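Colleague: Got a structure here, written out as structure tokens. Questions coming.
The values are calculated or read from the model by the stated rules, or taken from the named source; none is laboratory data. These figures come from a predicted structure and were not determined experimentally. Note that each Cβ is placed from the backbone with ideal geometry, even for glycine, and that neighbours are counted across all protein chains shown.
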Amino acid sequence: MNERDYLPRTSGAPGQAPAPASPLQARGRVEAAMRDNREAAALSQYVDALRRDPYFALSGPSQLWVADRLARRGHPHLAKDALERLIARHPMESLSANAYLLLGCIQEACYRDFPAAARSYRAALEGRNAGIAAKEDARRRLSALEPLVARTFVESPKPEEECWILQESGEASSLKEPGVLAKGLPPGEAARRADDLERSGVPVVVVPRHAFMELPKALTARSIGVQGGGLAFALESGERVSWRWEEVLLIAGLGLRLDSLVPFIEVVSRPALERQRPRWRWLPAGTDAIALDAYFGALQQVVLAAPHIPINRGADDAFKRELSNAVIFDSMERADAYMSWQTQLAHIRLEGAFRT
């Protein structure tokens, strides 16, 4: 059986809701499939329920089982969401330690977000009701992760080479240039500033100019969709461009608020490919309600199909059908600054060439 066979099949317009079912019925279907060892059916029922109700959740053990299977099948976004929901609903249960462990593994292996993974492992280790085995596993993983969390420079800078300091995890507080905390600093000053930020609890990384990935100008696509083993873009000229999943560096769901809210999806290719068109932007056409429906429908398709590709906050937004304030900007310049930050982090995590 193909590993995608468990994903729900949809018809009609993007974002069209599946046939209605009560949360109790949906939960019963998922757990019945689990008892019968029908893994693909259980995951399909879970994703269907999530599409109808973005806050749908199972019992603690069932939620952990679903998260584990989704992660194994290449859907870290849905797995991460399931785990965060489990932890929020059952914070004091011993099961939450196992949820934190799996969440840390996803953050480390899939997102390469080492500070976030360390926080999850630490939460598992410090849980009041965590079992001995869970604590030992968390301690071992945290110890192995410490050298990566402690690094400062992604690569050794040249003498007096300008350096950028980037916030490494979480959301930046400033929307003017999100995540870029300092730029144009000599190596010594960058190292001192980074140490001060780390001591204050802000995880950062220093990027010398030669290692900085310049974000190319975005080109507009008429449509975006999932096709075979990747994405397909239709251009105004009628030309179609296809990217395989392994060619994609980052996918982001953002919003621009001027007189009204305009949602859009951006896709950036891996830098090593040196594509002539390395960055695409898709804005749905129509009124606000129609545009939002098309946007969330397209984003859901991408979230369900994309294997291990960073989707910047898109996984949560797609199913909740609301744009987070953290990714709504009042100018395209600020949205571009946000994308520059996220693209640089995605590039760093992809390369994995950290030096402490």
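Colleague: Residue check: is Ala190 of a type outside the set (S, T, N, Q), under 18 Å from Ile348 (Cβ atoms) and modelled with pLDDT of 90 or more?
Modeller: Numbers: of a type outside the set (S, T, N, Q): yes; under 18 Å from Ile348 (Cβ atoms): yes; modelled with pLDDT of 90 or more: yes.
Taking the combined requirement at face value, the residue satisfies it.
Colleague: Filter the helices (runs of 4 or more DSSP H) completely within segment 91-152 down to those with at least 3 residues that are out of contact with any Cys (no Cβ under 7 Å at 6 or more places or on another chain) and under 14 Å from Lys80 (Cα atoms).
Modeller: Details: elements: 95-109, 114-126, 132-149.
Ranges flagged: 95-109, 114-126.
Colleague: Collect the residues in segment 90-114 that are among the hydroxyl-bearing types (Ser, Thr, Tyr) and surrounded by fewer than 24 Cβ atoms within 10 Å (Cβ to Cβ), keeping them in residue-number order. Reasoning before the result, please.
Modeller: In the first step, residues of segment 90-114 are kept if they are among the hydroxyl-bearing types (Ser, Thr, Tyr); the result is 94, 96, 100, 111.
Those that are among the hydroxyl-bearing types (Ser, Thr, Tyr) and surrounded by fewer than 24 Cβ atoms within 10 Å (Cβ to Cβ): Ser94, Tyr111.
Each row is one residue, and each column tells you yes or no for (1) closer than 25 Å to Arg52 by Cβ; (2) buried (at least 20 other Cβ atoms within 10 Å of the Cβ); (3) not basic (Lys, Arg).
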residue	(1), (2), (3)
Gly228	no, no, yes
Arg240	no, no, no
Leu249	no, yes, yes
Val267	no, yes, yes
Arg279	no, no, no
Leu283	no, no, yes
Ala289	yes, no, yes
Asp293	yes, no, yes
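Results for (1) outside any helix (DSSP H, G or I); (2) modelled with pLDDT under 90; (3) of a type in the set (Lys, Arg), shown as yes or no for each residue.
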{"residue": "Met1", "(1), (2), (3)": "yes, yes, no"}
{"residue": "Leu7", "(1), (2), (3)": "yes, yes, no"}
{"residue": "Gln16", "(1), (2), (3)": "yes, yes, no"}
{"residue": "Val47", "(1), (2), (3)": "no, yes, no"}
{"residue": "Arg51", "(1), (2), (3)": "no, yes, yes"}
{"residue": "Leu58", "(1), (2), (3)": "yes, no, no"}
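Colleague: Could you check how many residues of segment 113-163 are at pLDDT 90 or above and closer than 18 Å to Gln344 by Cβ?
Modeller: Number of matching residues: 3.
Colleague: Further question: Which of the following residues is more than 23 Å from Gly297 (Cα to Cα), among the charged types (D, E, K, R) and surrounded by 19 or more Cβ atoms within 10 Å (Cβ to Cβ): Arg38, Arg72, Arg51, Arg27?
Modeller: Details: Arg38 fails: surrounded by 19 or more Cβ atoms within 10 Å (Cβ to Cβ); Arg72 fails: surrounded by 19 or more Cβ atoms within 10 Å (Cβ to Cβ); Arg51 fails: more than 23 Å from Gly297 (Cα to Cα).
After ruling out the rest, the residue left standing is Arg27.
Colleague: Same structure again: List, please: which pairs have Cβ atoms under 9 Å, are six or more places apart or on different chains, and start with a residue in segment 131-160 that is without any contact (Cβ under 8 Å) to a residue 40 or more places away in the chain and end with one that is of a type in the set (Ser, Thr, Tyr) and surrounded by fewer than 16 Cβ atoms within 10 Å (Cβ to Cβ)?
Modeller: Gly131/Ser94
Colleague: Name the single residue that is farthest from Val302 (Cα to Cα) among those in segment 186-211 being among the hydrophobic types (A, V, I, L, M, F, W, C) and buried (at least 19 other Cβ atoms within 10 Å of the Cβ).
Modeller: From segment 186-211, those among the hydrophobic types (A, V, I, L, M, F, W, C) are 190-191, 194, 197, 202, 204-207, 211; that's our starting set.
Filter once more, so that each one left must be buried (at least 19 other Cβ atoms within 10 Å of the Cβ): 190, 194, 204-207, 211.
Values: Ala190: 38, Ala194: 36, Val204: 29, Val205: 29, Val206: 31, Val207: 30, Ala211: 29 Å.
So, considering only residues that are among the hydrophobic types (A, V, I, L, M, F, W, C) and buried (at least 19 other Cβ atoms within 10 Å of the Cβ), the one farthest from Val302 (Cα to Cα) is Ala190.
Colleague: Please state which of the following conditions Phe319 fails to meet, knowing it meets all the rest: (1) over 12 Å from the mean Cα position of the chain (by Cα); (2) modelled with pLDDT under 80; (3) over 23 Å from Arg72 (Cβ atoms); (4) assigned by TED's automatic domain parsing to the domain that holds Ile265.
Modeller: (3)
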